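A quick write-up on the structure given underneath.
Just so it is clear, none of the values below were taken in a lab; they were calculated from the coordinates. Remember, it's a predicted structure, so these values are computed and weren't measured experimentally.
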Amino acid sequence: RAKERGPGNVEVYAAHMHDTVVSRLELQIRLRRALAEGEFFLEYQPIVDLGSSQVTSVEALVRWNRDGEVVGPDGFLGAAEESGLIVPLGEWILREACEKVAVWRVSDWDIGLSVNLSVKQVLSPRFVETVEAVLADSGLSAEVLTLEVDEDVLLDGGGEAVQPLAELRGLGVQLAVDDYGMGYASLAHLRRLSVDAIKIDPSFIADLGRDDTVTLLTHTIIQLGRDLGVQVVAEGIERPEQLEQLRAMGCDHGQGFLVARPMAASGVESLVGGEAGANL
Ligand code: C2E
Ligand code: MG
Ligand code: MG
Ligand code: MG
């Protein structure tokens, strides 16, 4: 297109590309340093049993303290994946979270942990051994850990990620499909890998009770989970009506700002054995 408008535009276009590539590389270098200097930290968002309102587990969510400003995963995960930093970063996340939860469990609190994975991590050499080593080092039993993967992880690289994940599941680690319902042929994906939980995408929960098709789909996913013997977690619960509707539909677990926001480790400690909040 630039060509049609004359040579001047080609230059403008090239300069813009250059800026993008340079800032991308700068970010990647900055991220590498951030990992070395301990600028990443984790928040934990409680997941509750919708029947009993008890906190049954927490999902670890990574953040970056960039010169005092907190940057969320959307601001750096893409670059970390591109550069491959996600592999050591992901290991740090897993280790940090497992160590915290192992300490919380010492006081007889039966709390589980969910950790998100990128496909690059799953496909990296020694991924299975790394997870095993982290569990052994932290003293956490495999059953306590749930690894969350997006639906597309089951497809990427011709489904190469299925084998290491299945291997970990064989060791007792639980698997959850994150953002369920967003991909194509969602149902078919589940046949490629046995999972323990599906997390209904927040876009479904957002329209629950407002859009008949979405409400029906949500109900169907919950029913499907029951039929398959898979736990169903609803993500992105923000309004009391959503909570009521999900309960009525028999959804097992819930997560969202109404229930509890992602919080620092110290915040989780104050929840020991208790309920997530007054909103339940
Ligand atoms: P996710 O795994 O689906 O995590 C849930 C996201 O939804 C989190 O955003 C959480 O803060 C947000 N959330 C929870 N409840 C509500 C709600 O009621 N309303 C709204 N609007 N949002 C809610 P966050 O922390 O920004 O993370 C975004 C995504 O980044 C995650 O989506 C996950 O895919 C990825 N991610 C986060 N931490 C990690 C990590 O440690 N490793 C990897 N590989 N990916 C991560
Ligand atoms: Mg997740
Ligand atoms: Mg996700
Ligand atoms: Mg999700």
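Remark: the residue 95-residue 19 segment gains 23.8 nm on full extension, using 0.36 nm per residue and subtracting the alpha carbon distance.
Taking 46, 202, 73 as the candidate residues, the one with maximal mean-square fluctuation in a Gaussian network model of the chain, Cα springs under 10 Å, is 73. Taking every alpha-carbon pair within the chain, the share separated by more than 23 Å comes to 58 percent.
If you take the square roots of the eigenvalues of the alpha-carbon gyration tensor of the stretch 89-210 and sort them as a ≥ b ≥ c, do you get rounded (a/c under 1.5), prolate (a/b over b/c) or oblate? Oblate, because a/c is 1.5 or more while a/b does not exceed b/c. What fraction, in whole percent, of alpha-carbon pairs in the stretch 33-121 exceed 16 Å separation? Result for the distance tail: 57 percent. Secondary-structure-derived ellipticity at 222 nm for the chain, considering helices only, amounts to -13500 deg cm²/dmol, per-run term -39500 (n - 2.57) for DSSP H runs with n ≥ 4.
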